[in-house]
1. How about region A:56-86: which of its residues are in a loop (DSSP other than H, G, I, E, B) and either in contact with a helix residue (DSSP H, G or I) (Cβ under 7 Å, 6 or more places away or on another chain) or β-branched (Val, Ile, Thr) (or both)?
2. Tell me which residues, restricted to region A:94-107, are part of a helix (DSSP H, G or I), at the interface with chain B (Cβ under 10 Å from one of its Cβ atoms) and open to solvent by 10 Å² or more (accessible area, probe 1.4 Å).
3. Please go through (1) in the same structural domain as B:Leu135 (by TED's automatic domain parsing); (2) at pLDDT below 90; (3) open to solvent by less than 70 Å² (accessible area, probe 1.4 Å); (4) out of contact with any Ser or Thr (no Cβ under 6 Å at 6 or more places or on another chain) for B:Pro93 and return the number of the only condition it doesn't satisfy.
4. Would you mind stating whether A:Ala143 is at pLDDT below 85, surrounded by 13 or more Cβ atoms within 10 Å (Cβ to Cβ) and not hydroxyl-bearing (Ser, Thr, Tyr)?
5. For region A:168-203, give me the residue count where each residue is free of Cβ contacts under 8 Å to residues at least 24 places away in the same chain, open to solvent by 50 Å² or more (accessible area, probe 1.4 Å), assigned to a helix (DSSP H, G or I) and of a type in the set (D, E, K, R).
6. Select from region A:34-59 the residues that are among the acidic types (Asp, Glu) and open to solvent by less than 70 Å² (accessible area, probe 1.4 Å) and list them in ascending order.
7. Select from region A:151-167 the residues that are at pLDDT below 75 and surrounded by fewer than 17 Cβ atoms within 10 Å (Cβ to Cβ) and list them in ascending order.
8. For region B:121-145, how many residues are closer than 26 Å to B:Leu21 by Cβ and either hydroxyl-bearing (Ser, Thr, Tyr) or assigned to a strand (DSSP E or B) (or both)?
Amino acid sequence: MYAAASILPVRAREDLLENRRARMTHDSERARPNTQARLFATLMGRVGADRDREAFAALFEHFAPRIRSFLINRRVPPALADDLTQDVMLAVWRRAASFDPAKAAVSTWVYTIARNLHIDHFRKQVRAGKMDEQDPYLQPEPAPEAEELVSRSEDVDTVARALAGLPADQKSVLELAFVEGLSHSEISTRLDLPLGTVKSRVRLAMTKLRLSLGDDA
Amino acid sequence: MTRRGNVLDDSWYLDYAAGNLESKAHDVIMASHVELSDEARQRVDTLERVGAALMGQKTASGETLGFDVDDILRRDWEEVVDAVPVPANDTDPDLPLPAPLTDWMGETGTKVKWSFLGPGLSKAVLWRGPRGQRLWLLRAQPGVSIPHHGHNGSELTLVLKGSFWDGETQYKPGDLEEAHAGVAHDIRIDEAGECVCLALTEGKLRFDNPLLRVFQLFTGL
């Protein structure tokens, strides 16, 4: 989905950042997350175009701990979570040139890489018969409330606000899916709710999110 | 009145975006649908942003990583870049297969081998899984009908080329139909041209017509 790289020239990106900084003095409240978004996109552009190690180090510092805790929440053992986190960051480094800022925020792109590498690994494990999903010792900690999210990164701010605006029952379905890695039928078992109830919560949440995130076509 | 059947229930997109589908075959058919359908892509985009926001939370314990950025750069230096998957070599201009499908076929060395399914119908099984799950291609001539049948399990059908009708609902390229276990339906291929679909079925089809049940013994579906 990121087949063609179309990255703004460095000069154009810096202009964008300049404009952003100029505007920040006027509306500092709402400008922050977007500035962060541009910063991440700029860093990705430098990694893609110039193999800029400092830019990559800044991305690593932000994303690596988050990828690792995403994997830990999905019952990946710590040593393996370290290996997979490195695999994800290595993929970010190697595929940086294919990142297209017009298509997605950096955080979303990194999330999809982490998700896909995790699925690949999980599917191999299932084939090898190594997984015991029922093992109570492998159950994760409950997900923190959306309000508690550290929201210093790009798009994440906007989305965290949209999530915080959802009724608790709809929000918890999304958290169980993304944080704990449960399918909608596993969520119905976990919450002891009919499948139809879970499906309607997903539909309601999606309708609200599409409105508040401006994804409604 | 005609209707357009195009997207699935949102819970499918949630399972896909969160990486919680039950098998690789489900990943492949959903990724193909998302590749071909703008509406599906938009839903998945929204949900992937949610995934990124929920991944954005800091480690609760604040534990430090056991490795640093130099370890990544060292691995980049030491490890050979992954071989690019070899695309399936039997590309057929009349058979437009989406990239997620050809990528998977390239990785697994899966080939398309057509066999007779019925008059005007051929099938190519790509994958067999537990509980009688199969991922397969259906190729149908214009105007052909697949008579009244039910399913022992669920069925997903993604249109890759041409179009078909299920009752009054039309399915076009990129559209994905979900048929539930126990619900019988009639499929009619549109007159306009050949139709190719990617299907993921569980259990055998159940035809009402006893002659077709006998016929099934020979075709294996």
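1. Scanning region A:56-86 gives A:Arg74, A:Arg75, A:Val76.
2. Answer for region A:94-107, where residues must be part of a helix (DSSP H, G or I), at the interface with chain B (Cβ under 10 Å from one of its Cβ atoms) and open to solvent by 10 Å² or more (accessible area, probe 1.4 Å): just A:Arg94.
3. That leaves (3) as the condition not met.
4. yes
5. 3
6. Selection gives A:Asp52 alone.
7. Passing the criteria: only A:Arg152.
8. Selection size over region B:121-145: 13.
The values are calculated or read from the model by the stated rules, or taken from the named source; none is laboratory data. Being a predicted model, the structure only gives us computed values, none of them experimental. Ideal geometry is used to build each Cβ from the backbone, glycine not excepted, and the neighbour counts take in all protein chains shown. When the accessible area is computed, the model is the full protein with side chains, heavy atoms only, and any ligands, DNA or RNA have been set aside. Shrake-Rupley method; radii C 1.70, N 1.55, O 1.52, S 1.80 Å.
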